[in-house]
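Taking it in order: structure first as structure tokens, then the write-up.
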Amino acid sequence: MSKYKIILSGGGTGGHIYPAIAIANELKSRFPDAQFLFVGAKDRMEMEKVPQAGFNIKGLWISGIQRKLTLRNLTFPFKVISSLWNARKIIKSFRPNVAIGTGGFASGPLLKVAASNNIPTLIQEQNSYPGITNKLLSRKAKKICVAYDGLERFFPVGKIIKTGNPVRQGLLDIETKTVEAKNFFDLKHAKYTLLVIGGSLGSRRINQLIEKELDFLDTQNIQIIWQCGKLYYQQYKIYNNTNNVQVFEFINNMDFAYAAADIVISRAGASSVSELCIVGKPVIFIPSPNVAEDHQTKNAMSVVNQDAAMIIKEEDLDADFENKFSQLVASPEKQKELGGNIKKLALVNATKDIADEVEKLLKES
């Protein structure tokens, strides 16, 4: 049977959306007649990015609970009830053979309803420290695909499969794209290129850092590809094409951005870490401290502890950034060491391995 119906949920940020799309594309190549449906959160970026990738999506009225007391939290119980109700309607109408969750606000209600209707569910946990939603969903999930060791502390051991995180397939051969990529961005081939990525929505603190350090970076003879994020583009676009700086709201050709880069400054979201392992470039991680259980720091340290990246905490940026960055630029040996070590951590078959587990569930259903 190849006319399977597969439902997926993952969103809120690119780190949840792109793994779901990668899994869907792999399954579509295996089952061309299968039907796919994504479920996301209304008004979040998945409602735009998933249709652009060629898949249908339905939205739920759901968001995360704020970590501080706000009026928005008063609506949270109503959003949960609404999302569960609408998830039931979607499941009843679509009648999927399997449900896949890659994280994000909408995946909780959808996978809970799917599991309660005896539809086999697979969770793709991207972080080294899972959130409460996936911990709860793991009780009824059939399989849990993870990217890090040690998650048996949180999930049933018999359900865990270490696969890694799905990444965009164009990243697997970036070594062959360097010249084309530098031409694409109109970069000087003899000049060092710094790629700055603060996540799909952008990072206020990283953007503030780069703005403050533009003169310093110019003294280091650096040209910059700077993805500042949708939320901050209007503020920082004034620096476009000044002092060898190119500012982007969002970079669609990330394979070219990575291929052109000599050094990368990045947040430490799970998908970013997985991509950077495959890319194999020297990285300075600046983890966001504003995430549940400080999981970005844990993600980054899993790499740093292997001598495969550098880390600067937000609280140390003003004191440490210029010193650490200039030392890295001045040491080709250190750059080669970091790039080689991080590449050793790459799990390049993650998408196929996850699709293998989904295929097993489909054949059992």
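The values are calculated or read from the model by the stated rules, or taken from the named source; none is laboratory data. This is a predicted model, so every value here is computed, not measured. We place every Cβ from the backbone using ideal geometry, glycine too, and count neighbours over all the protein chains shown. Quick note on the areas: whole protein, heavy atoms, side chains included, nothing else; ligands and nucleic acids left out. Shrake-Rupley method; radii C 1.70, N 1.55, O 1.52, S 1.80 Å.
What to note about this one:
- Cα gyration tensor category, rounded, prolate or oblate, for segment 247-328 with a/c compared to 1.5: rounded
- Amide H to amide H, with H built 1.01 Å from N, LEU201 comes under 5 Å of GLY14, counting only residues 5 or more places away or on other chains.
- Of PRO287, GLY11, SER302, farthest towards positive along the dipole that unit charges on Lys, Arg, Asp, Glu beta carbons give the chain: GLY11
- Helices in the chain, meaning DSSP H runs of at least 4 residues, each add -39500 (n - 2.57). Divided by all residues, the mean residue ellipticity at 222 nm is -12500 deg cm²/dmol.
- Accessible carbon and sulfur surface of the chain relative to its total accessible area, %, 1.4 Å: 50 percent
- Highest mobility in the GNM of the chain, judged by mean-square fluctuation with C-alpha springs under 10 Å and restricted to THR13, THR219, THR102, is found for THR219.
- Scaled against the 2.2 N^0.38 Å expected of a compact globular protein of N residues, the Cα radius of gyration of segment 77-234 reads 1.42.
- Pairs beyond 29 Å (Cα-Cα), from LYS42/LYS177; LYS28/LYS140; LYS188/LYS324; LYS89/LYS360: LYS42/LYS177
- Excluding same-chain neighbours fewer than eight residues apart, the lysines reachable from LYS135 by a Cα-Cα span under 18 Å are LYS112, LYS143, LYS159, LYS162, LYS298.
- Distance (nanometres) between label positions extended 7 Å along Cα→Cβ at LEU201 and SER93: 2.7 nm
- Distance histogram for segment 196-347 (every C-alpha pair counted, 10 angstrom bins, percent rounded to whole numbers): 11, 44, 39, 6
- Normalised radius of gyration (Cα atoms, divided by 2.2 N^0.38 Å) for the chain: 1.00.
- Accessible surface, per residue, of the chain when the full set of protein chains is kept, probe 1.4 Å, Å²: 46 Å²
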